[in-house]
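K.L.:
Mind having a look at this structure? Questions to follow.
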2 protein chains.
Amino acid sequence: MNEQGGSALLTDHYELTMLQAALHSGAADRPSVFEMFARRLPEGRRYGVVAGTGRFLDLLERFRFRTEELDFLSDNGVVDDTTLRWLSEYRFSGNVWGYGEGEAYFPGSPILVVEGTFAEGVILETLALSVYNHDSAIASAASRMVVAAGGRPLIEMGSRRTHEAAAVASARAAYLAGFATSSNLEAGRSYGVPTGGTAAHAFTLLHDSERHAFSAQLESLGKRTTLLVDTYDVERAVRTAVELAGSELGAVRIDSGDLGATAGRVRAQLDALGAGETRIVVTGDLDEHSIQALAVAPVDGYGVGTSLVTGSGAPTVSLVYKLVARARGTEPGLPLEPVAKRSVGKPSRGGRKWALRRLDDKGLAVAEEVFPYEPQEAVGTRPVLRPLVEAGEVVGAESVHDARDRHRAVVAELPEQALRMSRGDAALPTVFH
Amino acid sequence: MNEQGGSALLTDHYELTMLQAALHSGAADRPSVFEMFARRLPEGRRYGVVAGTGRFLDLLERFRFRTEELDFLSDNGVVDDTTLRWLSEYRFSGNVWGYGEGEAYFPGSPILVVEGTFAEGVILETLALSVYNHDSAIASAASRMVVAAGGRPLIEMGSRRTHEAAAVASARAAYLAGFATSSNLEAGRSYGVPTGGTAAHAFTLLHDSERHAFSAQLESLGKRTTLLVDTYDVERAVRTAVELAGSELGAVRIDSGDLGATAGRVRAQLDALGAGETRIVVTGDLDEHSIQALAVAPVDGYGVGTSLVTGSGAPTVSLVYKLVARARGTEPGLPLEPVAKRSVGKPSRGGRKWALRRLDDKGLAVAEEVFPYEPQEAVGTRPVLRPLVEAGEVVGAESVHDARDRHRAVVAELPEQALRMSRGDAALPTVFH
């Protein structure tokens, strides 16, 4: 994004050259449908989590070609004058449906459906994919970590391991997937994600002794703060911490070594020192697997950084945005005809699609059902698509807190095997009607 | 970044609570040195590439706590009033040295050295790490792809697979590492990265036939355009393409199937049709290994997306930013004492550092030499650190084109084993004096 908040050049060059050629051929105004979907989940994953919806809708409203964007395109000969004029007047005027943010998705789920002319839909491709591919990768990894943590709070602290703006989006995605807090202050300001943090090793090293550092932190931040106890010697640090703060000490943080074994020793030491209420937070290269392995350790919270912001092995989720239907002309009333390429190894299903999640009589999800027509809602099904934009107006804006609520409900509805950490297939079959 | 271009909240909460506690203890103003380095290269990599310098210097100049940032911090009780006042007046007033952008680095290379008070250095940690960890990951992967391509041009087209702002930084990082062009228009506007692109499958599907689509594209974009030939049947598409454009056709693009075998067939077909000058561009899940495997195929250019923007298996490079020295008080003239934590498994070397690259008599790099004092420049060595900021003023700004020139020279200086695609150890030993 540039400094003035425009988003229109966050776009691949070829979207605009296609637009130019389609304006030339007259096909630019053909009514069209684009669909975003994933051909597969990241390897071994049992479900994916849709995220990015709220950010996409914000960016869509700022997708305008103003003088500075048009000047760049003109000066560099990216497109011709006819196209520049068209872009200068661009406002998306079509309709968008999408899976609710925080919803689960499966291979072939029509996560986003964009209906408009070819021209107005095609130039949104790059932006839509950037936002959804990133945010869904982070939320999908985060959701598994939340499951693995089994109710213990998770702290997102990966900002330093990803692009500074991706860090803000990552904090947002982790929060909607169930993380308790984030270290990222801009995520607090932009999205109301709760933020937290206390001190790093540098703070201890700055002072003449660990005791000086702990005293300073306790005096300034209060006894409910979290003291980092592994700069020198954990046992000595815990003793000093309780000596200075007493039983009111909020928490200690362990960032190195064998976290489970160390947490066990620190718990025993804290209890022996009368600090039975002092919590233990562990950090340091955690992922969903190491979190799960720590289930038996006396740990009260996990800080997760690198593995969260890199999608725990899947930093992108390979969502694609495809033209699936278009009219054969621009006259009103022409039918939308399904289209699909036949490239080797990249199957696409043409045609506009609708989707429902099918539930069993206990309310557990059993299938993702995809239809080439608008299905009747029936007992035992739940709609997954909701209107996001109607005739160019955003109608589906929600807060990240709404998305977080939805995600919690959606995970509760998934079958037990969806929540295993082991590698597996998609937990629900996608049934194409 | 927020809409007004501020960068100060792209920061971890704990940087500011540490600041508060250090202001309280009086240690905030202790002269300090922070160092950014990597304990190791990503697994199997033989060298890393420093990138992000130019972006970091830009963001440093905009790192200001204005009313909107201060209001957020105040409203949410992140820090106390003393700290808010300090932040409102914050300007970095220290010195920064760094490896030139595009330079190679090795484990322990002091990539960035920040000298100032503890307070002014510590609050830059998150931003510096975000920028360098991301951009260096992309540039490090890109550099290997450029080596693998052996002089054939590479097109960066991964915007859709990463966060929309990370996409712009990725295009910049790929360009400085030697990619020829990018699809990302904002990278063109912001950094002067050459952009390119022509059409996707959607353009062919939009029209009533492939012939209609190709005609429209050729008429609008000219015969030197690149036609995408794998929407339906490659052989038929190539025949149609040459029929319509003749021997002047610029290029064809193949995006699916066995790229090497298909390129071989298409080359033969193009030559037989008299289009011997028409180039062949291949795209579709390429990485450095598949690029190298295509060396024997008649391919004239590669488009790379996902693997580039995800760092080809290493989406972050685990750079850390550590307090390595500080004075024991704030009185002038006190010595800077080395500091380092003793956490299990995370060794740090305390003390301010300087570095040189040692070259043999043929000009090939043989070692990375790191000193705890400023070494004499001598025959057979090359300085790698350069001044970036002096007394708060940016003095080391360069364009991405300068960084690209440096990178080309640096790679030419690396020993042959550094340029192998197989997994290996760091190509140069890091010698600590």
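K.L.:
For the ranges A:395-401, B:129-135, what's the packing order if you count other beta-carbon atoms within 10 Å of each residue, average per peptide, and put the highest first?
P.N.:
In descending order of packing, they fall as B:129-135, A:395-401.
K.L.:
Still on this structure, please answer the following. Please label the shape of the range B:349-433 as rounded, prolate or oblate, based on the square roots a ≥ b ≥ c of the eigenvalues of the alpha-carbon gyration tensor (a/c under 1.5 means rounded; beyond that, a/b larger than b/c means prolate, else oblate).
P.N.:
oblate
K.L.:
Let me have the 222 nm mean residue ellipticity of chain A computed from DSSP H runs of 4+ only, each contributing -39500 (n - 2.57), with the sum over all residues rounded to the nearest 500.
P.N.:
Mean residue ellipticity at 222 nm (helix-derived): -11000 deg cm²/dmol.
K.L.:
Going by amide H atoms built from the backbone, whose H comes under 5 Å of the H on A:Val394, apart from near neighbours?
P.N.:
Under 5 Å from the amide H of A:Val394 lies no amide H from a residue far enough along the sequence or on another chain.
K.L.:
Using a label point 7 Å beyond Cα on the Cα-Cβ vector, give me the inter-copy distances for A:Arg39 in nanometres, one decimal, shortest first.
P.N.:
3.9
K.L.:
Could you give each residue of the range A:115-124 its phi-based ³J(HN,Hα) in whole Hz, using Karplus coefficients 6.51, -1.76, 1.60 with θ = phi - 60°, and x for Gly or Pro?
P.N.:
Residue by residue, the range A:115-124 yields 10, x, 6, 3, 4, 6, x, 5, 6, 8 Hz.
K.L.:
Shifting gears a bit: What's the local net charge at A:Gly197, with K and R +1, D and E -1, over the other residues with C-beta under 14 Å away?
P.N.:
Numbers: positive: A:Arg160, A:Arg224, A:Arg253; negative: A:Glu156, A:Glu186, A:Asp255, B:Asp12, B:Glu15, B:Glu125.
The answer is -3.
K.L.:
Add +1 for every Lys or Arg and -1 for every Asp or Glu among the other residues with Cβ under 12 Å from the Cβ of B:Met421, and state the total.
P.N.:
Every neighbour counted, the sum reads +3.
K.L.:
What are the residues of the range A:134-160 that lose 10 Å² or more of accessible area, with a 1.4 Å probe, going from their chain alone to all protein chains?
P.N.:
Relative to the lone chain, where solvent access is computed with a 1.4 Å probe, the range A:134-160 loses at least 10 Å² at A:His134, A:Ser159, A:Arg160.
K.L.:
For chain B, report the accessible area per residue in Å² (1.4 Å probe, heavy atoms, rounded to an integer).
P.N.:
I get 35 Å² per residue for this part.
K.L.:
For the interface of B with A, what's the total buried accessible surface in square angstrom, probe 1.4 angstrom, rounded to the nearest hundred?
P.N.:
Interface area, both chains combined: 8300 Å², rounded to the nearest 100.
K.L.:
So, one more: Taking a 1.4 Å probe, which of B:Arg253, B:Arg152, B:Arg423 shows the most accessible area, and what order do the others take after it?
P.N.:
The most accessible residue leads, giving B:Arg423, B:Arg152, B:Arg253.
K.L.:
Now for a different question. Let me check I've understood the local charge: for B:Asp12, count other residues with C-beta under 13 angstrom from its C-beta, Lys and Arg +1, Asp and Glu -1. What total comes out?
P.N.:
Local net charge: -3.
K.L.:
List every DSSP H helix in chain A whose Cα atoms extend 18 Å or more along the helix's own long axis and whose mean Kyte-Doolittle hydropathy is at least -1.0.
P.N.:
The answer, listed by residue number, is A:13-25, A:125-149, A:164-176, A:259-272, A:400-413.
K.L.:
Return the single residue from A:Thr283, A:Thr17, A:Thr306 with maximal mean-square fluctuation; model: Gaussian network over chain A, springs between Cα atoms under 10 Å.
P.N.:
So, out of A:Thr283, A:Thr17, A:Thr306, the one fluctuating most is A:Thr17.
K.L.:
Keeping all protein chains in the complex and leaving out DNA, RNA and ligands, what accessible area do you get for A:His407 with a 1.4 Å probe, in Å² to the nearest 10?
P.N.:
About 10 Å², rounded to the nearest 10.
K.L.:
Any idea how many Lys pairs in the protein assembly as shown come in under 22 angstrom at the alpha carbon, given 8 or more places apart or on separate chains?
P.N.:
Numbers: A:Lys322/A:Lys341; A:Lys322/A:Lys346; A:Lys322/A:Lys353; A:Lys341/A:Lys353; B:Lys322/B:Lys341; B:Lys322/B:Lys346; B:Lys322/B:Lys353; B:Lys341/B:Lys353.
Lysine pairs meeting the criterion: 8.
K.L.:
Here's another thing I want to ask about it. Considering only protein heavy atoms and a 1.4 Å probe, what is the carbon-and-sulfur percentage of the accessible area of the range B:279-431? Numbers along the way, then the final one.
P.N.:
On the way: 3790 of 7250 Å².
The value for the range B:279-431 is 52 percent carbon and sulfur by accessible area.
K.L.:
Over chain B, what is the percentage of antiparallel beta bridges among all DSSP beta bridges, to the nearest 5?
P.N.:
DSSP beta bridges in chain B are roughly 65 percent antiparallel.
K.L.:
Pick out which of A:Lys223, A:Lys362, A:Lys353 has the largest mean-square fluctuation in a Gaussian network model of chain A, springs linking Cα atoms closer than 10 Å.
P.N.:
Result for chain A, Cα springs under 10 Å: A:Lys362 fluctuates most.
K.L.:
May I ask you to give the percent of accessible area on the range A:12-100 that is carbon plus sulfur, with a probe radius of 1.4 Å?
P.N.:
On the way: 1250 of 3080 Å².
The nonpolar share, carbon plus sulfur, comes to 41 percent.
K.L.:
Hey, another quick one. With springs connecting C-alpha atoms under 10 Å apart, model chain B as a Gaussian network and identify which of B:Ala165, B:Ala119, B:Ala38 has the largest mean-square fluctuation.
P.N.:
Evaluated over chain B, the most mobile residue of the options is B:Ala165.
K.L.:
Sticking with this one: Using the 7 Å Cα-to-Cβ label point, sort the distances from B:Pro415 to its equivalents in the other copies shortest first and give them in nm to one decimal.
P.N.:
So the distances to the same position in the other copies read 5.6 nm.
The values are calculated or read from the model by the stated rules, or taken from the named source; none is laboratory data. None of the values given here were measured: they were computed from a predicted structure. FYI the Cβ positions are ideal-geometry reconstructions off the backbone, even for glycines, and counts take in every protein chain you see. What goes into the accessible areas is simple: the full protein's heavy atoms, side chains included, and nothing from ligands, DNA or RNA. Shrake-Rupley method; radii C 1.70, N 1.55, O 1.52, S 1.80 Å.
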